[in-house]
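Some notes on the structure that comes next.
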Amino acid sequence: MQPIVRVEGIHKSFDKTPILKGVSFQIEEGDLVSLIGPSGCGKSTLLRCLNGLEVLDSGRVEICGVAMERKPNVPAGPLADIAHKLRRNVGMVFQTFNLFPHKTLIQNVMLAPMVVKGVARDEAAAMAEKLLKKVGLGEQVDRYPLNLSGGQQQRGAIARALAMAPKVMLYDEPTSALDPIVVDEVLDVMKELDREGMTQIVVTHEMRFARDASDYIVFMDKGEIIEISDEDEIFQNPKDPRTRQFLHRFL
């Protein structure tokens, strides 16, 4: 099977400080991959590079056949246009929910398909209602974000991302801002999407979720991929001492 996500030699620095140092990996369609590692190791930057929110210093990202490539010391040039094309196939969910507070939940989900794709209002409303039911919010469609719990808002953010019919979903620590009691509400939605065949890449500190739900786990440290393994092997027999040290409390 051809990889749906292909990353080759990504480099990214901020203020001359290297954050990503030649990161490369591939993901096949339908895989759920967890990115784990210590804070500051480059996980979130990598995720933002995948959908063009950060401009590569060099390297290549290809998702669903759309390739974004930059040679070292070459101006970014038309990368913004390519990033826009790439994002048509990629949905992203952030740590904070970023729902519009002045719009109801269903209006939040309807907005992007109407504005970006020109979907008619009635069609967008029907699709939004279906997606909100999918994430367990069928009874909350007319509520405003401030009247929802954190877990409900994050599930709403997932529904909003799904409204653009992405082929790949990216999550940047989607449960980090949530109370522990509602974390499973969000993780259960991601597990259900995995069962349906959605390709997902998740930056997470939820080791239980990473072990239970992932097809593969990518361990990063200091801007590099140290180890890629399936969920059982990396927890039972990590190959690199840095992986072993990071996971010692879970082994």
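One table, with the values for the structure above:
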{"quantity": "Qualifying residue in region 182-200 (condition: within 23 Å of Gly22 (Cβ to Cβ), among the hydrophobic types (A, V, I, L, M, F, W, C), surrounded by 13 or more Cβ atoms within 10 Å (Cβ to Cβ) and over 17 Å from the mean Cα position of the chain (by Cα))", "calculated": "no"}
{"quantity": "Cβ pairs under 9 Å, 6+ apart, first in region 170-188 and in contact (Cβ under 8 Å) with a residue 40 or more places away in the chain and at negative phi, second of a type in the set (Phe, Trp, Tyr) and not in a helix (DSSP H, G or I)", "calculated": "Tyr171/Phe94; Asp172/Phe94; Pro174/Phe94; Ala177/Phe97"}
{"quantity": "All positions within region 190-236 that are among the β-branched types (Val, Ile, Thr) and either at pLDDT 95 or above or farther than 22 Å from Leu162 by Cα (or both)", "calculated": "Thr199, Ile201, Val202, Val203, Ile217, Val218, Ile225, Ile226, Ile228, Ile234"}
{"quantity": "Region 3-45, residues that are of a type in the set (Gly, Ala, Ser), surrounded by fewer than 22 Cβ atoms within 10 Å (Cβ to Cβ), in contact (Cβ under 8 Å) with a residue 40 or more places away in the chain and not in a strand (DSSP E or B)", "calculated": "Gly30, Ser44"}
{"quantity": "Residues that are more than 15 Å from Met110 (Cα to Cα) and of a type in the set (Asp, Glu), drawn from region 130-189", "calculated": "Glu139, Asp172, Glu173, Asp179, Asp184, Glu185, Asp188"}
{"quantity": "Residue count for region 201-242, restricted to those that are of a type in the set (S, T, N, Q), touching a residue at least 60 places away in the same chain (Cβ under 8 Å) and farther than 26 Å from Pro18 by Cα", "calculated": "1"}
{"quantity": "Tally, over region 100-147, of residues that are farther than 21 Å from Asn89 by Cα, of a type in the set (A, V, I, L, M, F, W, C) and not in a helix (DSSP H, G or I)", "calculated": "3"}
{"quantity": "Those residues of region 165-216 which are of a type in the set (Ser, Thr, Tyr) and either part of a loop (DSSP other than H, G, I, E, B) or in contact with a Cys (Cβ under 6 Å, 6 or more places away or on another chain) (or both), in sequence order", "calculated": "Thr175, Ser176, Thr204, Ser214"}
{"quantity": "Of the criteria (1) aliphatic (A, V, I, L, M); (2) surrounded by fewer than 12 Cβ atoms within 10 Å (Cβ to Cβ); (3) not in a loop (DSSP other than H, G, I, E, B), which one Ala67 fails", "calculated": "(2)"}
{"quantity": "Matching residues, region 148-164, being of a type in the set (A, V, I, L, M), under 23 Å from Val203 (Cα atoms) and either assigned to a loop (DSSP other than H, G, I, E, B) or free of Cβ contacts under 8 Å to residues at least 12 places away in the same chain (or both)", "calculated": "Ala163, Met164"}
{"quantity": "Residue in region 143-151 that is within 19 Å of Ser34 (Cα to Cα), of a type in the set (Ser, Thr, Tyr) and modelled with pLDDT of 95 or more present", "calculated": "no"}
{"quantity": "Subset of region 82-99 [touching a strand residue (DSSP E or B) at 6+ places or on another chain (Cβ under 7 Å), free of Cβ contacts under 8 Å to residues at least 60 places away in the same chain and either crowded, with 20+ Cβ neighbours inside 10 Å or closer than 16 Å to Leu47 by Cα (or both)]", "calculated": "Ala83, Leu86"}
{"quantity": "Which numbered condition Cys64 fails, given (1) more than 27 Å from Gln153 (Cα to Cα); (2) touching a Phe, Trp or Tyr at 6+ places or on another chain (Cβ under 9 Å)", "calculated": "(2)"}
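The values are calculated or read from the model by the stated rules, or taken from the named source; none is laboratory data. Quick caveat, the model's predicted, so the values are computed rather than measured. FYI the Cβ positions are ideal-geometry reconstructions off the backbone, even for glycines, and counts take in every protein chain you see.
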